[in-house]
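Accompanying notes for the structure given below.
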Amino acid sequence: MMSLQTLKQNSFPVENVVGLSGISWERFNKIQSDFDGVPSVKLTYTKGLLEIMAPISDEHEYVKSNVGELLGTYMREKHIRFYKRGGFTLKKEGYSSGEPDESYCIGTNKEIPDIVIEVIITSGTLNKLEVYKPLNIPEVWFWKKKQLQIFHLTDGEYQQVTRSHFFSDLDLETLQHYIDYSDQYDAVIEFQKTIREMNKNGK
């Protein structure tokens, strides 16, 4: 199985981010339709600002997959009912549009997910929290500069927190440790053992 270290040692496409300002909602929709069916391009829009990311790198997809596998393992081991929604477009008509790398509904399946996850390999200038705020998404998770960050919506504003409000006993440093594993399969197996040990000890 290919590890993250292996990815870094090979010549894979590097993500590029282009930012445009003064883009109307109507123009954004036209640009978005022009890119329909092009999976290697990701568009994010809010307040007249548009970011176009291309191509989506192998490192980006590898980290996204790691985080998704580990979170799924955690929720199953903790018997937390969840619905994986993937990276579909979340849009507030006339205002914002974003495509998270992953998203989850906790407890029940909903139109708007409870958690969205963004993997950021190449930073842009657009504040992605502003993209999700109009949709009242409770939590936005970022993997940026090899670190996880969680922002929880409180009184209409996102505040950085040290633990998810949905997973109060999930330590971010522990999760980060397994995200950094060189092998995804081993990471999931070892993380599963850690959770079961915590469950046994009543933590």
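The values are calculated or read from the model by the stated rules, or taken from the named source; none is laboratory data. The structure presented is a predicted model; accordingly, all values stated were derived computationally and were not measured. Ideal geometry is used to build each Cβ from the backbone, glycine not excepted, and the neighbour counts take in all protein chains shown. These accessible areas exclude ligands, DNA and RNA; they are computed on the full protein's heavy atoms, side chains included. Shrake-Rupley method; radii C 1.70, N 1.55, O 1.52, S 1.80 Å.
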Assuming R0 = 25 Å, what is the FRET efficiency of residue 29 and residue 111, from their Cβ-Cβ distance, to the nearest 0.05? 0.80
222 nm mean residue ellipticity, helices alone, for the chain (DSSP H n ≥ 4; -39,500 (n - 2.57); rounded to 500): -10000 deg cm²/dmol
In a shell of Cβ-Cβ distance under 13 Å around residue 43, excluding residue 43 itself, what net charge do Lys and Arg (+1) and Asp and Glu (-1) give? +1
What Kirkwood radius, in Å to one decimal, follows from the Cα pairs of the stretch 129-193? 13.1
Of 184, 159, 176, the most mobile residue in a GNM of the chain (C-alpha springs, cutoff 10 Å) is 159
Can you tell me the accessible area per residue over the chain, all protein chains present, probe 1.4 angstrom, in square angstrom? 52
If I fit a long axis through the Cα atoms of helix 25-34 and take the longest principal axis of the Cα atoms of the chain, what angle between them do I get, 0 to 90°, rounded to 10? 70
How much length is gained if the chain between residue 200 and residue 145 is pulled fully straight, taking 0.36 nm per residue apart and subtracting their Cα-Cα distance, in nm to one decimal? 16.4 nm
Nearest 10 degrees is fine. How inclined is helix 58-77 to the longest principal axis of the chain, computing both from alpha carbons? 50
Can you list the lysines whose alpha carbon is less than 20 Å from that of residue 78, not counting same-chain residues fewer than 8 positions off? 193, 200, 203
Using 1/(1 + (r/R0)^6) with R0 = 22 angstrom and r between the beta carbons of residue 20 and residue 127, what's the FRET efficiency to the nearest 0.05? 0.90
Would you look at the GNM of the chain, springs on alpha carbons closer than 10 Å, and say which of 44, 108, 162 moves the most? 108
In whole Å, largest first, the alpha carbons of the chain cover along the principal axes 55, 44, 26
